[in-house]
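Notes follow the structure.
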Amino acid sequence: MNKQSDGCSPAEQEGAYELLPFILNPSNIARFEAGKVIIGDRRAYPFSKSFVTCETVDEVATAIKDMVTQGSGPWLCAVHALRIVACKHALAASDSPKKLLSELRQARDILVVTRPTNTAIRLRLDEVLSKATDAINNKQSADKSIEASIKQILQGIYDDYATRARAMAELIENGDGILTNCFGEAGVHSCAGICSQRRKKNNSLYA
């Protein structure tokens with residue numbers, strides 16, 4: 001991860017999460033809580049800030065297929081779903097590492113086909129599963145490994161957003177209009193937030 005000399009990452013330095021609207025804060029996109037995956041329901045937003053709670057991998061897969069989540073949501077939901085499997089095995093101490101690995105791979109196969117056009121699901125699932133496999137083979141906690149992997153991925157992504165947003169904000173002058181040809185997600189919103197809240201520029205954003 002890209003760290004600054006003062007020990008803060010770009011995202012931490014800019015307060016990146018505070019700049020994002022409700023729908024784009026990662027904890028509102030998807031999070032793992034008390035053995036369940038909590039998914040922000042984009043179908044209801046902005047009329048309500050509601051969530052869909054999933055207790056099984058199949059329920060997470062259905063939520064992804066049903067477009068409950070969009071953008072970066074599908075891959076984030078998918079990797080959180082692996083924790084459902086890992087936590088279940090942590091509670092059943094008698095389960096073998098081989099069985100845990102088998103069920104994690106089965107979960108991966110179910111989740112990877114939920115949104116065929118979203119290549120990030122496959123990439124992130126394989127990345128997290130690889131680290132979980134190493135942890136299991138080294139007799140370490142699969143759940144803690146998955147949790148740490150997700151945190152590291154998100155930190156890297158939002159550090160990158162903050163770094164690019166800072167660079168873009170320097171190029172944008174007060175009063176400029178910004179036009180996007182697609183939903184800009186957190187990258188564009190981070191830039192707009194830095195311009196307005198950190199640089200006190202008055203800009204218009206056309207989505």
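Loop exposure criterion: GluC sites (Glu not before Pro), DSSP state outside H, G, I, E and B, at most 12 other Cβ atoms within 10 Å. Applied to the chain, the longest stretch between such sites is 56-172. Quick one: go through the stretch 68-85 and flag any residue whose amide nitrogen is under 20 Å from the point 7 Å out along the Cα-to-Cβ line of Ser130. Answer for the stretch 68-85: 75-83.
The gain in end-to-end length when the Asn202 to Thr117 segment is fully stretched comes to 26.9 nm, 0.36 nm per residue minus the alpha carbon separation. Relative contact order, whole percent, for the chain stands at 21, derived from Cα pairs under 8 Å and 6 or more residues apart. Within the stretch 14-103, the chymotrypsin sites (Phe, Trp or Tyr not before Pro) that combine a DSSP coil assignment with at most 11 other C-beta atoms in a 10 angstrom radius are Phe47. Measure out, as a whole number of angstrom, how far apart the alpha-carbon centroids of the stretch 159-207 and the stretch 7-33 sit. Measuring centre to centre over Cα atoms gives 16 Å. Lysine pair count for the chain (Cα-Cα distance under 22 Å; residues 8 or more apart in sequence or on different chains): 25. Ranking Asn118, Gln70, Ile84 by Cα position along the charge dipole of the stretch 10-160, where only Lys, Arg, Asp and Glu carry charges on their C-beta atoms, puts Ile84 farthest toward the positive end.
Our Cα-only numbers for the stretch 93-207 put the radius of gyration and Dmax at 20.1, 64 Å.
We did not get these values from a lab; they are worked out from the coordinates using the rules stated. Just so we're clear, the structure is a prediction, and the values are computed from it rather than from any experiment. FYI the Cβ positions are ideal-geometry reconstructions off the backbone, even for glycines, and counts take in every protein chain you see.
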